[in-house]
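Accompanying notes for the structure given below.
Derivation of every value follows stated rules applied to the coordinates shown; laboratory data play no part. Only a predicted model underlies this, so the values are computations on that prediction, with no experimental measurement involved. FYI the Cβ positions are ideal-geometry reconstructions off the backbone, even for glycines, and counts take in every protein chain you see.
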Amino acid sequence: MNLGFLPNLLCVLRILLVYPAAHALLQGRYTLVLALCLVAAFTDGLDGYLAKRFDWSTELGKHLDPLADKLLLVSLFVCMSVAGLAPWWLTALVLLRDVVIVAGAIAYRVLIGPLHGRPTVPSKLNTLCQISFCLAVVSRAAYGWPTEQIIIAAGALVTVTTAVSGIDYVLVYSRRARAAARAQAATAG
């Protein structure tokens, strides 16, 4: 029996957790939000492990995995802002970065061709900071911990890593686009 579909199924499960997590956050059910985030984190780690360990990686999975992560993070940021737990300007910055990256990827695909890339180190650090911030904010709402100072420091770190990773993506893929355009021009000429 081939179980190669499991990583993709776990990604779909994470996508299905987005609505209950967002709804629970808006209802003030913070302990449930934390539990759902733990399930999402576990399934994220498990799908990555299975895909690599058993070579069950698929093209669909390469799109589903970051989509699941992004949907959950963006939903949490928006709902935290709606609930008054996080500032709107920070949510707007997180959303702007993602819009710039997606628009750049679409432009690259249309103008240059297939986009082969992996998350950059600043992007991975940014994702870790965003997740940590969301968990800290929800934990503070649920249990009064961590302190407000830690939340402010985590928010500042998210601000910096979001800006740096967004700029990094723009620079990295601009260089790749220029190199690809030069290569296309050289083969056409």
- request: Please state, rounded to one decimal and in Å, the Kirkwood hydrodynamic radius that the chain gives when every pair of distinct Cα atoms enters the mean of 1/r.
  value: 18.0 Å
task: Work out from phi, with θ = phi - 60° and the Karplus expression 6.51 cos²θ - 1.76 cosθ + 1.60, the ³J(HN,Hα) of each residue of the stretch 138-152, listed in order in whole Hz, and give x for Gly and Pro.
output: 5, 4, 5, 5, 7, 10, x, 9, x, 6, 4, 4, 5, 4, 4
field: Of the chymotrypsin sites (Phe, Trp or Tyr not before Pro) in the stretch 38-74, those whose Cβ has at most 14 other Cβ within 10 Å and which sit in DSSP loop
entry: PHE54
message: Can you give the FRET efficiency to the nearest 0.05 for VAL172 and GLU59, using r as the Cβ-Cβ distance and R₀ = 22 Å?
response: 0.50
task: Before rounding to the nearest 500, sum -39500 (n - 2.57) across all DSSP H runs of length at least 4 in the chain and divide by the residue total; then give [θ] at 222 nm in deg cm²/dmol.
output: -29500 deg cm²/dmol
- request: Would you mind calculating the relative contact order of the stretch 40-141 from Cα pairs under 8 angstrom and at least 6 residues apart, reporting the percent as a whole number?
  value: 24 percent
message: Give me the one-decimal nm value for the distance between modelled label points at THR120 and ALA181, 7 Å along each residue's Cα-to-Cβ direction.
response: 1.8 nm
message: At 0.36 nm per residue, and after removing the present C-alpha to C-alpha distance, how many nm does the segment from ALA153 to PHE42 gain when stretched out fully?
response: 37.4 nm
- line: In degrees rounded to 10, the 0-90 angle between helix 30-53 Cα long axis and the longest Cα principal axis of the chain is 30 degrees
task: Could you state the angle between the C-alpha long axis of helix 59-82 and the longest principal axis of the C-alpha atoms of the chain, as a value from 0 to 90 degrees rounded to the nearest 10?
output: 40 degrees
task: With θ set to phi - 60°, apply the Karplus curve 6.51 cos²θ - 1.76 cosθ + 1.60 along the stretch 116-126 and write out the HN-Hα couplings as whole Hz, x wherever there is a Gly or Pro.
output: 10, x, 10, x, 7, 4, x, 5, 5, 5, 4
